[in-house]
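A quick write-up on the structure given underneath.
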Amino acid sequence: MGVTVSKGDLTRERIVAQAAPIFNQRGFAGCSMADVMEVTGLEKGGLYRHFSSKQALAEEAFKYSLAQSVKTRTADLGHIEGAVEKLRYVVRRFVETPSAVAGGCPLMNTAIDADDANPELRALAKKGFARWKTRLGGIVEAGIEAGEIRAEVEPRRVANVMIAALEGALTISRLDGDKEALRDAAWMLERMLEGIKVVKEKRPARAAVTS
């Protein structure tokens, strides 16, 4: 039997989905409960029936935005063969696929917006980055074990460089209004990925046998 979802749970999910783009675009301070009331069509009492505070709603909105972002950027990753190809796929999806929630990457947005002003949201963003690093590092580790990536490569370093390059380039691209910085980052990351691959030695061609 399927799981029955209550009307209250459905309403709560709808509020989160509708509030997520506002928090992602305007940040915690820039998004008021009045903004959420406007987009959801609910009165203040209706919102507080599902969320004890603006903080509680903001945290759920961030989790929703991040889950959508991860889903968009890692869709079909399991079907990609080879660690290096998986990493290339991650870069390509980040560069080519728009954010699933309006406002751009929720990780970078929340990390910058919260900083020291909102330790709860900052902690969630930190956890999100840590999980991303773990996922990328795990791909590198699998590549090393498979003999595809050089044994001396440090998974943590590869993950940090990829995330820093992509998130930084996204920030520049948003400011510039084009994807040039993202494409430049992708080009440099491709050089890095080529550099960590194990180079298979080519066997010399056998000389033709003459009679």
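The values are calculated or read from the model by the stated rules, or taken from the named source; none is laboratory data. On a predicted model such as this, the values are computed, not experimentally measured, just so you know. Backbone-built Cβ (ideal geometry, glycine too); neighbour counts: all protein chains shown.
Take the residues in the range 141-164 that are more than 15 Å from Met192 (Cα to Cα) and among the charged types (D, E, K, R), then tell me which one is surrounded by the most Cβ atoms within 10 Å (Cβ to Cβ).
Applying the filter and picking the extreme gives Glu141.
Which one of Ala185, Ala159, Ala164 is out of contact with any Gly (no Cβ under 8 Å at 6 or more places or on another chain) and under 18 Å from Met108 (Cβ atoms)? Write out each step before concluding.
Details: Ala185 fails: out of contact with any Gly (no Cβ under 8 Å at 6 or more places or on another chain); Ala159 fails: out of contact with any Gly (no Cβ under 8 Å at 6 or more places or on another chain).
Just one listed residue meets the conditions, Ala164.
Which one is farthest from the chain's Cα centre (by Cα) among residues in the range 48-71 that are hydrophobic (A, V, I, L, M, F, W, C) and buried (at least 20 other Cβ atoms within 10 Å of the Cβ)?
Among them, the one singled out is Phe51.
Sort through Ala67, Ala61, Ala83, Ala17 and tell me the only one that's out of contact with any helix residue (DSSP H, G or I) (no Cβ under 8 Å at 6 or more places or on another chain) and aliphatic (A, V, I, L, M).
Ala67
Considering each of Gly128, Gly138 in turn, give the residue that is surrounded by 21 or more Cβ atoms within 10 Å (Cβ to Cβ) and not hydrophobic (A, V, I, L, M, F, W, C).
Working: Gly138 fails: surrounded by 21 or more Cβ atoms within 10 Å (Cβ to Cβ).
None of the others qualify; the one that does is Gly128.
Could you please give the count of residues in the range 29-45 that are surrounded by fewer than 21 Cβ atoms within 10 Å (Cβ to Cβ), part of a helix (DSSP H, G or I) and touching a residue at least 12 places away in the same chain (Cβ under 8 Å)?
Summing the residues that are surrounded by fewer than 21 Cβ atoms within 10 Å (Cβ to Cβ), part of a helix (DSSP H, G or I) and touching a residue at least 12 places away in the same chain (Cβ under 8 Å) in the range 29-45 gives 5.
Which one is farthest from Arg174 (Cα to Cα) among residues in the range 98-132 that are touching a residue at least 24 places away in the same chain (Cβ under 8 Å) and acidic (Asp, Glu)?
Glu120
Which is part of a helix (DSSP H, G or I), at pLDDT below 95, surrounded by fewer than 16 Cβ atoms within 10 Å (Cβ to Cβ) and not basic (Lys, Arg), of Leu175, Leu170?
Leu175
If Thr97 satisfies every condition in (1) among the hydroxyl-bearing types (Ser, Thr, Tyr); (2) within 24 Å of the chain's Cα centre (by Cα); (3) more than 30 Å from Ile139 (Cβ to Cβ) but one, which is the exception?
Going through (1) among the hydroxyl-bearing types (Ser, Thr, Tyr); (2) within 24 Å of the chain's Cα centre (by Cα); (3) more than 30 Å from Ile139 (Cβ to Cβ) one by one, Thr97 breaks only (3).
Looking at this structure, is Ala151 farther than 18 Å from Phe23 by Cβ, free of Cβ contacts under 8 Å to residues at least 12 places away in the same chain and either touching a strand residue (DSSP E or B) at 6+ places or on another chain (Cβ under 6 Å) or in a loop (DSSP other than H, G, I, E, B) (or both)?
Answer is yes for this residue.
In the set Ile112, Ile144, which member is in a helix (DSSP H, G or I) and over 28 Å from Gly177 (Cβ atoms)?
Ile144
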